[in-house]
Amino acid sequence: MATTTKEISIGDLGARSHGAEPTLQGETMALNVGPSHPTTHGVLRLKMELDGDIVKSCDPVLGYLHRGDEKIAENMTYNQFVPYTDRLDYLAPLANNVAYAMAVEKLAALEVPDRCQAIRVLCCELARISSHLLGIGVYGMDAGAWTVFMYTFTEREKLYTLFEELTGARFTTSYTRIGGVARDIPDGWLGRVLEFCKGVLPVLDQVDKLLTRNRIFMDRTVGVGAISKEDAITYGLTGPNLRACGVDLDLRKDKPYLGYEKFDFEVPVGTAGDCYDRYLMRAEEVRQSVSIIRQCIDQFPEGSYYAEDAKKIFAPQKAKVLTSMEELIQNFMIVTEGPQIPAGEVYFEAENPKGALGFFIVSKGGGVPYRLKIRGPSFCNLSILEKMIPGHYMTDITVILGSLDFVMGECDR
Amino acid sequence: MEFLDASLPYIMPIVYAVLMISVFMGLCSYSVLAERKVSSWIQGRVGPNRTRVPLVGHIPILGNVMTGLGLFQPVADGLKFLFKEEIVPGHVNKGYYYLAPIIALAPALTTMVVLPFGRYVDADGITQPLVLANVDLGMLIILGISSLGVYGIVLAGWSSNSKYPFLGGVRASAQMISYELAMGLALLPVFMWAASPGYYDSEGLFVEGSRYGMSLFGVVQSQQAAWTILWQPLSALLFLVALFAETNRLPFDMAESETDLVGGFHTEYGCFKFGLFFVAEYAHIIMGSGIFVLLFLGGWNFLPWVADPWGDGIFGSVLSVAWFMAKVFFMIFFFIWMRWTLPRFRYDQVMSLGWKILLPLAVGNLVLNTIIIALYDTLTR
């Protein structure tokens with residue numbers, strides 16, 4: 001290698017040390033993080049350029065988990081697509097089920113009974129707790145605090161048991177149907193939900209003690225990965241990540257669905273938009289969800305758990321199918337042709353744990369959507385990575401990714 | 001017989017050394033078990049409780065208790081490392097790659113030589129330390145040799161020829177060098193207090209200079225009344241923090257930091273070579289705990305201001321060793337406890353903590369203690 005020598009005077013040195021732009025003294029290093037790496041929570045891949053320990057540029061590569069869900073939707077009836085929504089944000093499948101069913105119902109201009117709405121509210125909020133518990137736990141783990149993860153995960157296990165009682169599956173719930181839910185809540189389930197709510201708050205307090213005022217945790221997160229209000233809106237962030245930046249937007253408050261306007265709850269809003277704020281958002285949202293669940297169970301409506309008058313959409317009860325001619329035909333039609341949804345276009349967004357999950361559905365009538373487009377909040381939330389990561393330390397990336405709390409299943413669809 | 005008598009002084013140290021290494025390695029593997037068990041208790045899990053050795057594990061009640069406590073787990077862990085397929089990535093620098101785990105473990109085992117772990121009373125009625133080599137400069141040797149341990153990590157990071165280990169190696173070397181300074185400075189006041197400016201020999205004459213120098217035995221003997229930690233809390237704190245950094249334990253495990261560097265310096269290591277790194281980490285923890293106990297927690301001395309209740313005979317020696325080990329176990333527990341409670345620092349925060357906080361504090365502490373000692377000596381002389 002050819003070497004060049006250069007005489008440096010004291011003046012040069014002075015000029016260099018004072019006011020001179022800190023220029024790169026050597027080569028940058030290309031570092032590939034992922035798609036299989038402990039910090040990426042799935043199959044996100046980051047192509048980075050490092051200057052020492054500082055990231056110069058970051059290029060996120062998505063698509064390793066692409067399954068073509070949107071295309072698949074065009075080839076099956078509306079109800080058959082419900083299991084696919086489980087696999088979007090697989091940490092809160094119930095909330096996805098609900099959002100999807102509501103989108104289709106909006107297209108069909110179908111009102112579900114109060115009891116069904118209440119069940120769905122419970123589903124959404126339990127899913128939110130489940131997702132945020134994992135979010136906080138994994139975030140703690142990313143920062144090096146493994147124990148937090150174990151504490152929150154223990155609570156999630158209890159939650160899964162509740163899901164199992166309700167839906168028959170711990171993970172892939174597939175609970176909603178267009179026009180209702182798959183089955184009514186089991187006996188005594190509401191009591192067990194309340195019991196869980198009682199148990200989850202002390203665990204949150206424990207996590208609070210371990211992290212919130214922990215000097216190391218604060219050093220790692222305060223001021224790291226700050227997003228300005230403007231950027232957050234420009235990049236289409238939603239959910240806790242957006243609210244952490246100081247934008248008060250929560251679809252449950254601003255565009256109430258499922259009767260959320262009846263519940264008294266606060267929407268936490270951050271100030272700095274940094275990793276620390278995003279952690280606080282999630283912790284507070286769990287508390288608010290618990291309060292919503294308690295209010296919901298307090299006045300749990302009686303009645304039917306599905307829209308009884310939607311004869312062409314919700315399959316009738318099995319007992320009736322076997323005894324009544326009309327119901328037999330109805331059942332046959334819905335099973336073979338799918339729920340009959342009128343032609344039209346609809347876009348519906350629900351406030352999911354990760355942000356606004358939207359479904360855009362084009363129907364030409366019949367039981368199969370003509371086109372279904374999913375707006376995955378994780379996908380939009382990750383779009384800011386390219387702008388946000390450069391300038392941070394390599395180690396900060398774990399904390400930033402953890403604080404954004406994304407799920408690749410929803411990102412790649 | 002004559003030959004045996006002549007060679008006994010040479011053979012016995014070797015026997016002792018082998019004995020000590022076996023005990024020490026046993027301790028290492030059981031501290032791995034302790035880590036797994038304590039962490040699982042902290043996190044509300046059960047931990048390893050399935051490994052059962054034939055015959056022993058089937059003793060009616062005892063066998064079940066031992067299995068439940070995972071007492072056979074270290075055997076399984078060790079054998080697993082031995083029997084795993086040895087995979088060496090094609091891109092590594094072979095020589096250094098094989099050398100690194102050895103260099104990582106060797107210093108911890110070497111420092112063991114000068115670490116006293118108990119006391120006995122010899123035929124003349126003088127208390128002597130139980131140690132392989134009672135060296136006056138014991139602490140210097142420990143500091144010197146244990147700082148060689150970083151070479152293992154740097155070599156591992158470098159020879160792996162891969163980016164994550166490289167970053168881990170670089171971070172580890174910078175971190176260890178920075179914290180060694182604070183560590184050494186935090187120790188000095190302890191030795192300054194332990195080493196009096198002079199002593200009266202057996203004939204009642206004043207002899208200039210210290211009786212013990214930097215010997216660890218001397219420090220322990222000087223703590224018969226009050227433990228150092230009680231009147232040198234700052235030194236103890238500084239030393240403890242530096243110790244955490246030196247042993248690469250969370251919150252300072254920059255070299256490993258598994259969430260961003262995958263496995264840090266040992267990412268490319270598998271099977272027994274990884275096992276050696278693993279054992280080295282625990283060996284360093286045990287050594288560090290031992291040194292901390294000797295310097296600050298009174299070594300084998302019973303309790304502050306309480307005379308040792310054990311006698312002079314062999315039984316007394318055994319009790320002193322047991323008491324020392326109990327303190328060491330507490331320190332190991334403390335290490336584990338911290339690891340499963342705290343999050344991890346960022347690399348630059350580790351460096352600024354070391355240089356901007358620990359080092360000035362250590363220097364200030366040293367200066368302050370020097371002044372106090374000088375005043376004390378002047379006034380009491």
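Scanning segment A:288-301 for residues that are over 17 Å from the mean Cα position of the chain (by Cα) and either part of a helix (DSSP H, G or I) or of a type in the set (D, E, K, R) (or both) turns up A:Val290, A:Ser291, A:Ile292, A:Ile293, A:Arg294, A:Gln295, A:Cys296, A:Ile297, A:Asp298. Hey, any hits in segment A:136-147 for a residue that's more than 14 Å from chain B (Cβ to nearest Cβ) and of a type in the set (Phe, Trp, Tyr)? There is no residue in segment A:136-147 that is more than 14 Å from chain B (Cβ to nearest Cβ) and of a type in the set (Phe, Trp, Tyr). Please verify whether A:Val207 is touching a helix residue (DSSP H, G or I) at 6+ places or on another chain (Cβ under 9 Å) and more than 24 Å from A:Glu155 (Cβ to Cβ), treating the condition exactly as stated. In short, no. Within segment B:293-321, which residues are hydrophobic (A, V, I, L, M, F, W, C) and not in a loop (DSSP other than H, G, I, E, B)? Once the filter is applied, which keeps residues that are hydrophobic (A, V, I, L, M, F, W, C) and not in a loop (DSSP other than H, G, I, E, B), segment B:293-321 yields B:Val293, B:Leu294, B:Leu295, B:Phe296, B:Leu303, B:Val306, B:Ile314, B:Phe315, B:Val318, B:Leu319, B:Val321. Just checking, does segment B:66-78 include any residue being within 14 Å of another protein chain (Cβ to nearest Cβ) and either among the aromatic types (Phe, Trp, Tyr) or in contact (Cβ under 8 Å) with a residue 40 or more places away in the chain (or both)? There is no residue in segment B:66-78 that is within 14 Å of another protein chain (Cβ to nearest Cβ) and either among the aromatic types (Phe, Trp, Tyr) or in contact (Cβ under 8 Å) with a residue 40 or more places away in the chain (or both).
In this structure, does B:Leu132 turn out to be in contact with a helix residue (DSSP H, G or I) (Cβ under 9 Å, 6 or more places away or on another chain), aliphatic (A, V, I, L, M), in the same structural domain as B:Gly263 (by TED's automatic domain parsing) and farther than 30 Å from B:Gly316 by Cα?
Values: in contact with a helix residue (DSSP H, G or I) (Cβ under 9 Å, 6 or more places away or on another chain): yes; aliphatic (A, V, I, L, M): yes; in the same structural domain as B:Gly263 (by TED's automatic domain parsing): yes; farther than 30 Å from B:Gly316 by Cα: no.
The answer is no for B:Leu132.
A search for C-beta distances below 6 Å between a residue of segment B:49-63 that is at pLDDT below 80 and any residue that is not basic (Lys, Arg), counting only pairs 6+ apart in sequence or on different chains, returns B:Gly57/B:Gly63; B:Gly57/B:Thr67. Of all residue pairs spaced 6 or more apart or on separate chains, those with beta-carbon atoms under 8 Å, a first member in segment B:229-240 that is open to solvent by less than 60 Å² (accessible area, probe 1.4 Å) and a second member that is β-branched (Val, Ile, Thr) and in a helix (DSSP H, G or I) are B:Gln232/B:Val190; B:Ser235/B:Val190; B:Ser235/B:Thr228; B:Ala236/B:Thr228; B:Ala236/B:Ile229.
All conditions in (1) within 21 Å of the chain's Cα centre (by Cα); (2) open to solvent by less than 20 Å² (accessible area, probe 1.4 Å) hold for A:Ala226, with the sole exception of (2). Among the residues of segment A:165-180, just one is among the charged types (D, E, K, R) and in contact (Cβ under 8 Å) with a residue 40 or more places away in the chain, namely A:Arg177. A:Ala226 meets all of the listed conditions (1) within 12 Å of chain B (Cβ to nearest Cβ); (2) outside any helix (DSSP H, G or I) but one, namely (1). Of all residues in segment B:24-52, those satisfying the criterion of being within 14 Å of another protein chain (Cβ to nearest Cβ) and small (Gly, Ala, Ser) are B:Ser39, B:Ser40, B:Gly44, B:Gly47.
In segment A:53-92, what residues are assigned to a loop (DSSP other than H, G, I, E, B) and open to solvent by 50 Å² or more (accessible area, probe 1.4 Å)? Can you show your working first?
Going residue by residue through segment A:53-92, those that are assigned to a loop (DSSP other than H, G, I, E, B) are A:53, A:62-68, A:74-78, A:87-92.
Within segment A:53-92, A:Leu62, A:Tyr64, A:Leu65, A:His66, A:Arg67, A:Asn75, A:Arg87, A:Tyr90 qualify.
Against the numbered list (1) within 14 Å of chain A (Cβ to nearest Cβ); (2) open to solvent by 40 Å² or more (accessible area, probe 1.4 Å); (3) charged (D, E, K, R); (4) farther than 25 Å from B:Leu109 by Cα, B:Asp308 comes up short only at (1). Within segment A:184-200, does at least one residue satisfy the condition of being within 14 Å of chain B (Cβ to nearest Cβ), buried (at least 19 other Cβ atoms within 10 Å of the Cβ) and either part of a loop (DSSP other than H, G, I, E, B) or in contact with an Asp or Glu (Cβ under 6 Å, 6 or more places away or on another chain) (or both)? No: segment A:184-200 contains no residue that is within 14 Å of chain B (Cβ to nearest Cβ), buried (at least 19 other Cβ atoms within 10 Å of the Cβ) and either part of a loop (DSSP other than H, G, I, E, B) or in contact with an Asp or Glu (Cβ under 6 Å, 6 or more places away or on another chain) (or both). Considering segment A:109-136, the residues that are open to solvent by less than 20 Å² (accessible area, probe 1.4 Å) and over 30 Å from A:Leu211 (Cα atoms) include one that is farthest from the chain's Cα centre (by Cα), namely A:Val112. Within segment B:103-120, the set of residues being open to solvent by 40 Å² or more (accessible area, probe 1.4 Å) and at pLDDT below 85 comprises B:Val113, B:Phe117, B:Tyr120.
Let me confirm something: among B:Ser352, B:Ser317, which residue is modelled with pLDDT of 85 or more and surrounded by fewer than 21 Cβ atoms within 10 Å (Cβ to Cβ)?
Working: B:Ser317 fails: modelled with pLDDT of 85 or more.
Being modelled with pLDDT of 85 or more and surrounded by fewer than 21 Cβ atoms within 10 Å (Cβ to Cβ) holds for just one of B:Ser352, B:Ser317, which is B:Ser352.
Consider A:Ser174 carefully, then state whether it is of a type in the set (S, T, N, Q), at positive phi and either touching a helix residue (DSSP H, G or I) at 6+ places or on another chain (Cβ under 8 Å) or away from chain B (no Cβ under 14 Å) (or both).
Values: of a type in the set (S, T, N, Q): yes; at positive phi: yes; either touching a helix residue (DSSP H, G or I) at 6+ places or on another chain (Cβ under 8 Å) or away from chain B (no Cβ under 14 Å) (or both): yes.
So A:Ser174 fits the description; yes.
Note on segment B:250-297: among residues that are within 11 Å of chain A (Cβ to nearest Cβ) and within 18 Å of the chain's Cα centre (by Cα), the one that is farthest from A:Phe217 (Cα to Cα) is B:Asp253. Against the numbered list (1) at pLDDT below 85; (2) within 21 Å of B:Leu140 (Cα to Cα); (3) buried (at least 24 other Cβ atoms within 10 Å of the Cβ), B:Phe265 comes up short only at (2).
In segment A:387-413, which residue that is more than 8 Å from every other protein chain (Cβ to nearest Cβ) and part of a loop (DSSP other than H, G, I, E, B) is surrounded by the fewest Cβ atoms within 10 Å (Cβ to Cβ)? Step by step, filter segment A:387-413, then rank; the result is A:Gly391. Here B:Phe324 passes the criteria (1) open to solvent by less than 50 Å² (accessible area, probe 1.4 Å); (2) within 14 Å of chain A (Cβ to nearest Cβ) except the one numbered (2).
The values are calculated or read from the model by the stated rules, or taken from the named source; none is laboratory data. Keep in mind the model is a prediction, meaning the values are calculated, not measured. Cβ: placed from backbone, ideal geometry, glycine included. Neighbour counts: every protein chain shown. Accessible surface areas use protein heavy atoms only, side chains included; no ligands, DNA or RNA. Shrake-Rupley method; radii C 1.70, N 1.55, O 1.52, S 1.80 Å.
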